[in-house]
1. Report, for the range 1-59, the % of DSSP beta bridges that are antiparallel, rounded to 5.
2. Taking only the alpha-carbon positions of the chain and ignoring solvent, what does the Debye formula give for the base-10 log of I(q)/I(0) at q = 0.08, 0.10 Å⁻¹?
3. What order do you get for 155-164, 64-73 when each peptide is scored by the mean count of other beta carbon atoms within 10 Å, highest first?
4. Among 101-112, 171-182, what's the highest-first ranking by average C-beta atoms within 10 angstrom per residue?
5. Stokes-Einstein D for the range 1-59 at 4 °C, 1.567 mPa s, Kirkwood Rh over Cα pairs, in µm²/s?
6. Give the percent of DSSP beta bridges with both residues in the chain that are antiparallel, rounded to the nearest 5.
7. Okay, which of the range 27-52 sit inside 11 Å, backbone N to the point 7 Å along the Cα-Cβ direction of Ala17?
8. Which entries of Lys90/Lys174; Lys61/Lys128; Lys99/Lys181; Lys50/Lys102 show an alpha-carbon separation above 24 angstrom in the structure shown?
Amino acid sequence: MLRVLTDLDFGSERRFARDLQAMFVELGYRADADMAMATGGARQYYKHPKTGLGVDIFMDKLDYCHPIPFTGRLEIDSETIPLAELLLEKMQIVELNVKDVKDTIVLLLEHPVGGTDSEVINADYIAKMLASDWGFYHTVTTNLKKVEDHVRDFDQVDAEQRAVVQDRVEQLLKRFDAEPKSFAWKARARIGTRVRWYQEVEAKQ
């Protein structure tokens, strides 16, 4: 997908904060003390002075446009955060950009949709999360439809691959729609986008 890598994102738990800081300083990275202070320790940011590579570490949850909790989830996969969280990490961004679309296309090409976390995008887990938060639901479903629409914009993705991505987006949307919604979700849905439905966040350093 000709994706340029500019930084690394990690999820961790607050109990490892000091150990992480010591490790990255030893590796030659410089910590952004202002970031840690401004977020109350919920986020650490490091940058390597020679390579310019940035490292973002989110403690206990990813908290951008919509919060994605990590509690009890980080040990499910040995190499990354779970695939459900990987998808949500991209789809929770209100102002979706090209790199997020590319990453989501790759994720959907590589992994089927299902109801577990074993090399599968756990649609059941996501559906339950979105069923209690209309704003999160609206952002994720709107972005998935954008991915479905824009997958044809990339020459690297052939017709067969486009069909796979579009089919998996449809599977996700149907599963999310089928999940019974909470009273709070239904009440918030009546208001819709007349009131801001997401958190405003500052751009990454």
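1. On the way: 7 of 13 bridges.
The antiparallel proportion sits near 55 percent.
2. -0.30, -0.47
3. On the way: 155-164: 12.0, 64-73: 16.1.
Order by mean packing, descending: 64-73, 155-164.
4. On the way: 101-112: 18.5, 171-182: 15.3.
The peptides rank, most packed first, as 101-112, 171-182.
5. Working: Rh = 11.8 Å.
Using the Kirkwood radius from Cα pairs, D works out to 109 µm²/s.
6. On the way: 10 of 18 bridges.
In the chain, approximately 55 percent of DSSP beta bridges are antiparallel ones.
7. Inside the label zone: 36-44.
8. Values: Lys90/Lys174 19 Å; Lys61/Lys128 17 Å; Lys99/Lys181 31 Å; Lys50/Lys102 28 Å.
Table pairs above 24 Å Cα-Cα are Lys99/Lys181; Lys50/Lys102.
No lab work stands behind these numbers, since they all come straight from the coordinates. In this text, all values refer to a predicted model and were calculated from it rather than measured experimentally. All Cβ positions, even for glycine, are placed from backbone atoms using ideal geometry, and neighbour counts span all protein chains on display.
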